[in-house]
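One structure is given here, and the rest of the page talks about it.
The values are calculated or read from the model by the stated rules, or taken from the named source; none is laboratory data. None of these values were measured; they are calculated from a predicted model. Glycine gets a Cβ as well: all are built from the backbone with ideal geometry, and neighbour counts include every protein chain shown. The protein model used for the area step is the full one, side chains on, heavy atoms only, and it has no ligands, DNA or RNA in it. Shrake-Rupley method; radii C 1.70, N 1.55, O 1.52, S 1.80 Å.
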Amino acid sequence: MVESCFHLLLLLLLIQIRLSMLAIDSSLNATHFILLGFQVSPLVKTLLTIIFSIAYAFTILENLAIIVITMWDPKLHTPMYFFLSKLSWLETVYVSITVPKMLSDLSVGNSIIPVYGCLLQLYVFLSIGCSECFLLAAMAYDRYLAICNPLLYHSIMTSKMCWILTLGSLLLGFLACSFSIGLIAQLNFCGSKIINHYLCDISPVINLSCDDISTVELIDFITALAVLISSLVLVIISYVYIISTIKNVPSDRGWKKAFSTCASHLTVVVLFFGTTIFMYARPQAIDSFDSNKVLSVLYSFIIPMLNPLIYTLRNSDMKISLSTMFSFNAVSSKA
């Protein structure tokens, strides 16, 4: 029931955003933008289309596999894997909001995007990114309770608490970006319509405005800093306590077992926050949008593709569940 509410909330948020963008579009003087994308030769575009298509399909299958495995195996019905499955949901939406449009631009040259579609893409892309920040912080809190307060873990981290943290992360993520997107929607785009990017990101979009964008840049910087600091501080505090507790574990085996439950999460945190801080926690945008494109591929595409691999390859429970599920399917098919 609660899981249905989670999916319904996602759907309602997307519908509400879509309706809001349709209303915004009618009040703007520009009706569409042109995504410049990757300015390369036709042969390179074909190669990029093939590579990105395979990588996108692989990313979707990876995340869906994690969702299915965590639902299928009762041994994975724990808070840690609950949060992991919800992270996979977010990352599926995260890549799907940008990559299909990018593939369309590369393959058939459909580079025109309506203004409301551009703002919709920007809003959902940023909101999901912020939601992931908060969800990663919730996962760090879960690991803190499991290692530092094991006796209280199951009484605190109940199913209800897991859903509260997940829905709270989602709502905070969308609320955090609402004000910035509202300000961007009020800008006048009366000049060039060409966005030097393959997606609608903040810096390329607001630089098309003929208005003063200093306020928007400042608000965006403050918002990004607030989201990153608040979530990252929670992660750091959790791991400070975790490391302090692990240091007191007498045996090397116990130390390794305790740390192994955190290694995957810590790796994802470093990758995600590292690239996000570099891209968004800046008072001004990088002047070279061509450099931004390359960096954007890293945090909007490559990292979501790597995250499921990190969680499965470094996690013995996931590997056992994978082998068990495939063995079960093989036996069932033979029978």
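Extension gain for I229-F278 works out to 16.3 nm (0.36 nm per residue, less the C-alpha to C-alpha distance). For the set I54, I229, I34, the ranking by accessible area, highest first and with no ligand, DNA or RNA atoms included, is I54, I229, I34 under a 1.4 Å probe.
Converting phi to 3J(HN,Hα) with the Karplus coefficients 6.51, -1.76 and 1.60 and the offset θ = phi - 60°, segment 127-135 yields 5, 5, x, 5, 4, 5, 4, 5, 5 Hz in sequence order, with x at every glycine or proline.
For the pair Q39 and I302 in one chain, pulling the backbone fully straight at 0.36 nm per residue adds 92.7 nm over the alpha carbon distance.
Here the simple spin-label model places points 7 Å from the Cα toward Cβ, and for L47 and L175 these points are separated by 4.8 nm. Near F33, the amide H atoms lying under 5 Å from its own belong to I113, V115; only residues 5 or more places off or on other chains count, and H is placed 1.01 Å from N.
Each of the peptides 138-147, 298-307 was scored by the mean count of other Cβ atoms within 10 Å over its residues; in descending order, highest first, they stand as 138-147, 298-307. Annotation: peptides 80-93, 159-172, 123-136, ranked by per-residue average of other Cβ atoms within 10 Å with the highest first, follow the order 123-136, 80-93, 159-172. Ordering of 264-274, 197-207 by packing is 197-207, 264-274, highest average first (other Cβ atoms within 10 Å, averaged per residue). The distance separating the Cα centre of segment 129-187 from that of segment 31-92 comes to 21 Å.
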